[in-house]
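To keep things clear, I will list the structure first and then write my remarks on it.
Computed from the coordinates by the stated procedures, all read-outs in this text should not be read as laboratory data. In this text, all values refer to a predicted model and were calculated from it rather than measured experimentally. Note: ideal-geometry Cβ built from the backbone for every residue, glycine included; neighbour counts use all protein chains shown.
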Amino acid sequence: MDNNYEASKFRLLEANRIDFVKRINVPAILPHLAGTLSRSDMEYLHAQWKLNGNNAASLLLDKLVRRDDWVEGLVQALRSDDVNLNNLADILDPNHLIPDIIKH
């Protein structure tokens, strides 16, 4: 992934951070981020959620953006059936319904 792509997605995330933090259920999304976050990160975030509630969602976003391919990992997790935050995923991936032939 090129740095411009990641930087543009980071700006979108930051512009909508309050909505992401309010709506992400940390325990529900963590299993879907196993390929993006380390086990120790996941344990830390779950412990933070137990102590501080959804403030852990802000910590989650901070950890995610430091990882390679964080955009794809987060979008897939947000679109998973049990997380079901497609509208947040659409913020980061607004063209997901446009066929590849039209995008190019």
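Placing unit charges on C-beta atoms (Lys and Arg positive, Asp and Glu negative, everything else neutral), compute the dipole magnitude of the chain about its Cα centre in debye, rounded to 20. Before the final figure, lay out the partial values.
On the way: 12 positive and 15 negative charges, 69 e Å.
Here the chain has a charge dipole of around 340 debye.
Quick one: net charge of E72's neighbours, Cβ under 13 Å, K/R +1, D/E -1?
So the surrounding residues net to -1.
Restricting to Cα pairs below 8 Å that are 6+ residues apart, what does the relative contact order work out to for the range 3-95? Please round to a whole percent.
After rounding, I find 33 percent.
Of (1) 47, 30, 21; (2) 46, 26, 25; (3) 37, 27, 24, which is the value of Cα extents along the principal axes in Å derived from the coordinates here?
Correct label is (2).
Mind checking the angle between helix 39-52 and the chain's longest principal axis? C-alpha axes, 0 to 90 degrees, to the nearest 10.
Roughly 60 degrees between the two axes.
Treat each spin label as a single point 7 Å out from the Cα along the C-beta direction, and report the Y44 to E14 distance in nm.
Taking the simple label geometry, Y44 and E14 are separated by 2.1 nm.
State the number of lysine pairs found in the chain whose Cα atoms come within less than 20 Å, restricting to pairs 8 or more positions apart or on distinct chains.
The number of close lysine pairs in the chain is 6.
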